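Q: The structure is given below, and queries will be raised subsequently.
Bear in mind that the values in this text are calculations on the coordinates, not laboratory data. In this text the structure is predicted, and so the values were computed from the model without any measurement. Note that we place each Cβ from the backbone using ideal geometry, even for glycine, and neighbour counts take in every protein chain shown.
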Amino acid sequence: MLQLSAAGKRFGPKLLFEDVNWLITPDERTGLVGGNGTGKSTLLKILAGLETLDYGELTQVKGMTLGYLPQDGLALRGKTVFAECLSVFDHLRELEREAEQLTHTLSTADPKSREYAAAADRYSDIADHLHVHDIYTLDSQVGAVLGGLGFNKEDWERKTEEFSGGWQMRIALAKLLLQQPSLLLLDEPTNHLDLESRNWLENYLHDYPNAYILISHDRYFLDVTVSKTVEIWNKRMQVYHGNYETYVLQKEERRTQLMAAYKNQRDRIEALEAFINRFRYQATKAKQVQSRIKELEKIERIEVPEEEATIHFTIPQPPASGRTVIEVSHLSKDYPMPPVDGRPPGVKHVLRDVSFQIERGDRIALVGANGAGKSTLIRLLSNLEPPTSGQVRLGHNVLADYFAQDQYKVLDPNAQMLEDISGIAPKVPVVELRSLLGCFMFSGDDVFKPLGVLSGGERNRYAMAKMLVSPANMLLLDEPTNHLDLRAKDVLLEAIANFTGTVLFVSHDRYFIDGLATRVFEVEAGRVHVYPGGYEDYLWRKQGGPAQVAASLADSLKPAPAHNAVILSEGAAEVEEPVLSLSKEPAAGAGVRSGNPPKPSAKRLNPIRQRQLEDRVAAIEQELATLDSRVAAAEEHLGHYTSVEDSQRTAAELEQLRAQRTALTAEWESLATQLEEHSAAV
């Protein structure tokens, strides 16, 4: 479909890549990876025809179509959102109008004339084309894509210029998905998406009928969307068959092989050079020396690029807070709405009567659709905004620190980067600080620049690094993974995982959430729903996981006690349950694919998920042992009659304990089965 042959590209004096040979097939589902500055985005632009090659050639099959989404920079004007997306079908509308004209020709022309035959053939071709593209469902196609990408129906009739840059990119993505080109080229498509939209895009790409190539710093997204990984490394293109997790393993194997070949070659070169230097001036050895010189000249030297050092940065641990870190009581937040189109001013209710507690050591993922109120809630918790009603109380010795999406605005533009970060962490060695800044993509002389010359994204990356060297014991993080590459995200994830304080964060990166969250707070319709466990546990409960457990218990218990199911309190502000249940869906994201149940052979677990399951299985086994002891004690107590009330109370307690034991056993069997299936698949 598309082919690169001996392709090479320079950026000024710097060689990005050379000798790239790549045959892109109609079933391509590829993730393009590599370090910053290696040329990933440039290669994508070359495939899209926006950049030219310095060496080699690019050929493509006649009739194929290309769709390219850059990281940012697109702006649309003049139409409503719905009309802008519907415009991708203008060519079909033109064909529809042509078909109407042809029907007039067919009704007036002589059936035996050439004009009639030509019109009939053309009409048949157009009818087939319109049927293939389902001309009568175009509006519903547009609505489905806009809904999946987070646009409310009220937004469909708004002008595109009313939306911010991030939403403009969503509109551009919607148009590309509706066009369904032969080859879809996506550069960081999840940058401007929330979790719900990201999950929807994952599902859409799973069923996409054509080929796509994407660049992403979302490890989980790559894991569940691509079947091949192409890396630009050492100025060459390396192909790995499998998703990102497979690529990481195969890359390590390849590097081991490369280092072994490099060592063998160096040994041979040193031996040849030693022989040449030793016998260069001996006439009796002239022939042998010349032979070795020629051999030395023919050796194609193996280059081993400098490997980026893995940084393990330990956050200085803050002083301990009290057990209760934040207590929220009946919190509400309203915003006044200005008059629009003659309508009187109103009030927008963002949060209504919200109550919850955050305990020391919690790592809470705050999720919800864009505009649901996540950022508002974080600002209320950090006391940057006053509530309309209710209270936010900080616990004993709580020191809260807030990281905003636009944190760069509070930085001193005249401060020099290294000097500024050294000032707040005087005890941290400069070498360690420079290594940390390197992880956040500031290397060489960049660390001596004043902050004012950096872009907004660069300053936000610096602000995150600055927070890590001197954290408070309560971190409120709004999109901390924005503008970070995979390496920086790994550093941040490891640092926060080892942090002894409390963290509440908003992130659209599934891998980051899976590796960190111990509870999930969902903001929806002005309420906060609290879910124990990680994001996959949250998804399972949202999809009726507790109800499924209750239904299975109903088949085995007669009657099935109702208190085994998870109980959402009125208003869904809290979750009370005797046990925690982990997701029954595979970590590959199958839990979010409605209507597309995965085949059993497709099940797999990422390493974090596998570790979570193993820990949960061990915890359940301990809980079952405790429950067995409590059941035995209750049965023994019931055998000694004291009074009617005591017997009734003990019988009720015994029934509840047995029900809990049954639920835990069912959960243990489910999790053990998942682990066995994963072990068999591996």
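Q: Output wanted: per-residue J couplings in Hz (rounded whole) for segment 62-67, from phi through Karplus 6.51 cos²θ - 1.76 cosθ + 1.60, θ = phi - 60°, x for Gly and Pro.
A: 5, x, 6, 10, 10, x
Q: Can I ask one more? Can you tell me how much longer the chain between Glu295 and His330 gets when fully stretched, taken as 0.36 nm per residue apart minus their C-alpha distance, in nm with one decimal? Could you put the intermediate results ahead of the total?
A: Values: separation 35, 0.36 × 35 = 12.60 nm, distance 8.14 nm.
Taking Glu295 through His330 to full extension adds about 4.5 nm, to one decimal.
Q: Now for a different question. Determine the alpha carbon to alpha carbon distance for each of Lys159/Lys348; Lys45/Lys159; Lys14/Lys489; Lys159/Lys449; Lys14/Lys175 and list only those over 31 Å.
A: Too far apart for the 31 Å limit: Lys159/Lys449; Lys14/Lys175.
Q: Then there is this: Once amide H atoms are placed 1.01 Å from N in the peptide plane, what residues at a sequence separation of 5 or more from Gly242, or on another chain, have their amide H within under 5 Å of its amide H?
A: Lys228, Thr229
Q: Still on this model: Once you sort the root eigenvalues of the Cα gyration tensor of the chain as a ≥ b ≥ c, which label holds: rounded (a/c under 1.5), prolate (a/b larger than b/c) or oblate (the other case)?
A: oblate
Q: Turning to a different aspect of this structure: So for the pair Lys79, Arg93, with labels modelled 7 Å out along Cα→Cβ, what separation do we get in nm?
A: With each label placed 7 Å out from Cα toward Cβ, I get 0.7 nm.
Q: Further question on the same structure: What ranking, highest mean first, results for peptides 132-144, 78-90 when packing means the other Cβ atoms within 10 Å averaged over each residue? Please report the intermediate quantities before stating the final value.
A: Working: 132-144: 14.2, 78-90: 17.4.
Ranking the peptides 132-144, 78-90 by packing returns 78-90, 132-144.
Q: Sticking with this one: What is the set of long-range amide H partners of Glu359 at a cut-off below 5 Å, with H atoms built 1.01 Å from backbone N?
A: Here the answer is Val325, since their amide H atoms fall under 5 Å of that of Glu359.
Q: Multiply the residue separation of Met337 and Ser443 by 0.36 nm, subtract the distance between their alpha-carbon atoms, and state the gained length in nm to one decimal.
A: Roughly 33.6 nm would be gained on extension.
Q: Amide H neighbours of Val354 under 5 Å, at least 5 residues apart or on other chains, H built in the peptide plane: list them.
A: His330, Leu331, Ser332
Q: Just from the alpha-carbon atoms, what are the Rg and Dmax of segment 81-180 in angstroms?
A: 18.1, 59
Q: While we're here: With all distinct Cα pairs included, what does the Kirkwood hydrodynamic radius of segment 247-303 come out to in Å, to one decimal, could you say? Please report the intermediate quantities before stating the final value.
A: Working: mean 1/r = 0.0769 Å⁻¹.
For segment 247-303, inverting the mean 1/r across all distinct Cα pairs yields 13.0 Å.
Q: Still on this structure, please answer the following. For Val230, Val398, what ranking results if the residue with the fewest other Cβ atoms within 10 Å of its Cβ goes first? It would help to have the intermediate numbers written out before the result.
A: Working: Val230 23, Val398 20.
Least crowded to most crowded, the residues run Val398, Val230.
Q: Given points 7 Å out from each Cα along the Cα-Cβ axis, report the His131 to Val430 separation in nanometres with one decimal.
A: So the label points at His131 and Val430 sit 7.6 nm apart.
Q: What is the gain in length, in nm to one decimal, between Ala6 and Thr105 on full extension, counting 0.36 nm per residue of separation less the C-alpha to C-alpha distance?
A: 30.3 nm
Q: Also, quick follow-up: So what is the relative contact order for the chain, in percent, with contacts set as C-alpha pairs under 8 Å and at least six apart?
A: 11 percent
Q: Within the set Lys263/Lys294; Lys409/Lys542; Lys153/Lys542; Lys251/Lys294; Lys40/Lys374; Lys153/Lys466, which residue pairs have Cα atoms separated by over 29 Å?
A: In this structure, Lys409/Lys542; Lys251/Lys294; Lys40/Lys374; Lys153/Lys466 exceed 29 Å between Cα atoms.
Q: Return the FRET efficiency for the residue pair Glu677, Thr246: r is the Cβ-Cβ distance, R0 is 25 Å, and the value is rounded to the nearest 0.05.
A: 0.90
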